Structures are given as C-alpha cells and as structure tokens.
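Asker: Got a structure for you, questions after.
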Amino acid sequence: MGPAGRHAGRDPHALRHAIDQLPDTITYLEMAAKPQRPPLPVPQVRLALMRAEGCTVSFYRYLYAAVGERWLWYMRRGWSDAQLALWLARPEVELSVLYVGGVPAGYFELERLPSGDTELCYFGLIAEFIGRGLGAYFLRAAVEAGWQGATRRLWVHTSAYDHPRALGLYQRAGFQVYRREPVTFDDPRLTGALPPDLAHPMLSPLGATGSAAGAEPAALFNRSPGAID
C-alpha cells in the first residue's frame with residue numbers, strides 16, 4: 001500500500017473506489033498429521049460441546065452473525081435460505097457448538113472431502129465468551145474433531161480482519177503457514193451485507209455519504225490488540 005495522506009490531483013472517483021475496496025491478507029495454514037500433545041486443562045466452567053445434527057438455517061444464521069459479524073464475516077449472510085439448507089444437509093459438513101452454562105458460546109464448522117482434505121471452515125467464540133480461557137481448549141476440540149475419520153490433511157485460512165490473535169492461536173495449536181494471499185473486497189458495510197455502523201479496529205466509520213469518513217487505505221491496517229482466549 002502507498003503512504004497515507006491525500007494526494008493532489010487524484011481522481012475523486014478513483015479515491016472513492018480505493019476506499020470502498022478493503023485490502024486484506026488471507027493466510028492459509030495446514031497440518032499434515034494429528035498433533036501429539038498433552039491434554040489442555042479443562043476450563044473451570046460448565047461446558048458442553050455438541051454436534052448440531054440437522055442444524056436449522058435460522059440457528060446457523062444466529063451463530064454466524066453472533067460469532068463473526070464483528071470480524072467482518074459476511075459471505076454466508078448473502079446466501080439464501082435454500083442455499084444454506086443445501087449446504088448444511090451435505091454429509092461432508094459438520095457443525096459443532098460449544099455451550100457454557102447452557103448458553104451457546106461459539107461454534108466450528110468442518111468440511112470433509114473424499115481426498116482426505118478437511119477444512120476448518122469457521123471457528124470462533126461469541127464476544128461475551130472471549131477472554132475467559134476458552135479459545136485454546138475449544139480449538140483443540142476442533143482439531144481433534146477434524147482428525148477423526150479418514151482425514152489426511154487439516155487446513156484453515158484466516159483473514160487480517162479476524163481476531164488479532166487468531167493466527168497465533170492456530171500456530172500454537174500446530175497449524176503451519178503455507179501461503180499468504182493479498183486480496184481486496186467490497187466493504188460489506190456499503191453493500192448491505194453488514195450494518196453500516198459496524199465498528200472494527202481496522203476500519204474507519206462510514207460518513208454521511210456512505211464512504212469511510214476520512215479513511216485512507218494505509219490506515220486500514222492499524223489494529224488494536226485483544227484476547228481470543
């Protein structure tokens with residue numbers, strides 16, 4: 001990205017396009033073998049991890065929004081109910097929900113392919129359960145589930161807009177980076193996929209015109225630290 005600041009003579013239409021297109025880096029990680037590690041201490045709360053068999057579209061939408069909205073998860077929100085129902089009905093797709101004290105606290109989603117590749121498609125905790133020592137334990141459970149059956153390779157990808165400590169958590173769990181890919185995407189606050197007032201540490205708020213108020217592309221990479229466990 002170029003240096004921050006306004007540049008004399010820049011085409012205003014090009015500037016608007018640059019603001020509306022958000023820069024991102026997708027990091028791909030993998031495991032080629034199930035990690036052999038001692039068990040983690042069980043968090044001292046009442047936990048239940050349950051497979052969501054026959055998950056309804058409405059419950060999936062709730063989980064997807066509750067976990068991912070603050071991290072700019074938007075793609076599945078554009079799927080119709082029929083598309084989601086078809087996806088959830090696939091035998092290759094598994095959804096598991098973490099409950100704390102009987103309340104949904106997070107979920108993970110796996111897709112198992114005949115090749116032996118299994119993707120950890122989504123993983124995360126609902127905001128109120130971040131910072132309570134659940135992250136590493138929950139990810140260990142997701143990895144254990146991912147290696148069940150005929151899995152030969154377990155992989156995951158993460159966005160720069162995900163939790164600031166997501167990448168480190170995956171690496172500590174045994175995933176290794178094998179590719180990084182720079183991409184851009186339309187600001188989902190402007191497309192209607194996410195609320196226009198959604199706050200994120202890497203984003204400037206939208207102004208009255210619908211553009212990111214005062215945003216410059218380089219400023220989108222300023223992040224604040226946080227805790228995922």
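Quick note: the coordinates plus some simple rules give every number you see, no bench work behind them. Note that this is a predicted model, so its numbers are computed, not measured. FYI the Cβ positions are ideal-geometry reconstructions off the backbone, even for glycines, and counts take in every protein chain you see.
Asker: Return the long-range amide H neighbours of residue 185 (sequence gap of 5 or more, or a different chain), with a cut-off of under 5 Å between placed amide H atoms.
Answerer: For residue 185, whose amide H was placed from the backbone, the distant partners under 5 Å are 22.
Asker: Order these by the 10 Å Cβ neighbour count, fewest first: 75, 31.
Answerer: Final ranking by Cβ density, sparse to dense: 75, 31.
Asker: Further, regarding this structure: Using the Cα gyration tensor of the stretch 108-193, with a ≥ b ≥ c the square roots of its eigenvalues, what is the shape: rounded (a/c below 1.5), prolate (a/b larger than b/c) or oblate (neither)?
Answerer: It comes out oblate by the Cα gyration axes.
Asker: Can you bin the stretch 53-177 into rounded, prolate or oblate? Criterion: square roots of the alpha carbon gyration tensor eigenvalues sorted a ≥ b ≥ c, rounded for a/c under 1.5, prolate for a/b above b/c, oblate for the rest.
Answerer: Since a/c stays below 1.5, the shape of the stretch 53-177 is classed as rounded.
Asker: Search the structure for amide H atoms under 5 Å from the amide H of residue 124, placed 1.01 Å from N in the peptide plane, and list their residues when 5 or more places away or on another chain.
Answerer: Correct list: 107.
Asker: Here's a follow-up. Across the stretch 122-129, in residue order, what do the Karplus-derived ³J(HN,Hα) couplings come to in whole Hz, using 6.51 cos²θ - 1.76 cosθ + 1.60 with θ = phi - 60° and x for Gly and Pro?
Answerer: Values per residue, Gly and Pro as x: 9, 7, x, 10, 5, 3, 5, 10 Hz.
Asker: Short version: ³J(HN,Hα) in whole Hz for each residue of the stretch 154-165, in order, from phi by Karplus 6.51 cos²θ - 1.76 cosθ + 1.60 (θ = phi - 60°), x for Gly and Pro, what are they?
Answerer: Running phi through 6.51 cos²θ - 1.76 cosθ + 1.60 with θ = phi - 60° gives 10, 9, 8, 10, 9, 9, 5, 8, 6, 3, x, 9 Hz.
Asker: Further, regarding this structure: The stretch 60-125 to the stretch 20-50: how many Å between their Cα centroids?
Answerer: Measuring centre to centre over Cα atoms gives 14 Å.
Asker: Using the alpha carbons of the stretch 15-126, what is the convex hull volume per residue in cubic angstrom, as a whole number?
Answerer: 162
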